[in-house]
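The structure appears right after this line, and notes come after that.
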Amino acid sequence: MTDLLLSRKPLKAAPALTVAGDIALTEGRVHEACGLGRFAFAAFLARAAQGPVIWISGPGGSGMNPDGMAPFCDPGRFLFVTARRPIDRLWALEETLRAGAVALAVADLDEAPGLTPVRRLHLAAETGAEMRQRPTGLLLTPGEGGAAGVESRWHVSPDHAPSRARWTARRVRARMAPPAAFSLRHDETGLSAAPIPV
């Protein structure tokens, strides 16, 4: 019986979307980004994903400008979906993940969802992974976030100056990694990430 429980084989890391450096989000799971820099973080993650990206937002749209997105990711890869009620946004995200047709689905929410909706999203992503590819979900929540049951939570804040575009990304919570902080910098050479003290 112990042969079934114990194995000397090393654990293989799950496939992940690497934003930059050591900033990676496990594919086929649901993550959360909060703070004022959450939209930039979503654009960076979209750049790392292959294929189309579905972005679900409330009335008035996402507020994302294609010209503003272009330096970070290709705006032509995005399909924007509008849903009035937060529950409809979660439903749209769940169905998108279940279909497994896109690598990344983003939902811009007014507040952090509870454990039951997040668990449903994880199950939908697992179902979608059996179909075509490992769809990853990203919840964008205001303030400090707080969605229960997410694979990881990132708090992203801008740290710009006249001569630089920079953000601070803190991994506040993750199931398989300790808290960490990174300085994200975007310039003509691309996106880079350097660890900073937590």
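A few remarks follow.
- The residues of the chain present an accessible area of 53 Å² per residue when probed at 1.4 Å with all protein chains retained.
- Here, the range 115-175 yields an orientationally averaged convex hull projection of 5.5 nm² when only Cα atoms define the hull.
- Order by protection proxy (mean Cβ within 10 Å, highest first), peptides 26-34, 85-93, 172-180: 26-34, 85-93, 172-180
- Whole-number Å³ per residue for the convex hull built on Cα positions in the range 49-97: 71 Å³
- Stokes-Einstein diffusion coefficient of the range 64-152, Kirkwood radius over Cα pairs, 20 °C, 1.002 mPa s, in µm²/s: 156 µm²/s
- Stretching the chain fully between residue 123 and residue 91 yields a gain of 10.2 nm (0.36 nm per residue, less the alpha carbon separation).
- Helical mean residue ellipticity (222 nm; -39500 (n - 2.57) per DSSP H run of 4+; nearest 500) of the chain: -7500 deg cm²/dmol
- Extension gain, residue 22 to residue 187, is 57.6 nm, computed as 0.36 nm per intervening residue step minus the present C-alpha separation.
- Highest average packing first - 158-168, 114-124, 96-106, Cβ atoms within 10 Å: 96-106, 114-124, 158-168
- Given (1) 16.8, 63; (2) 20.0, 67; (3) 20.5, 72, the label whose value is Rg and Dmax of the Cα atoms in Å derived from this model: (1)
The values are calculated or read from the model by the stated rules, or taken from the named source; none is laboratory data. Since the model is a prediction, treat every value here as computed from it, not as a measurement. FYI the Cβ positions are ideal-geometry reconstructions off the backbone, even for glycines, and counts take in every protein chain you see. All accessible areas refer to the heavy atoms of the entire protein, side chains included, with ligands and DNA or RNA removed. Shrake-Rupley method; radii C 1.70, N 1.55, O 1.52, S 1.80 Å.
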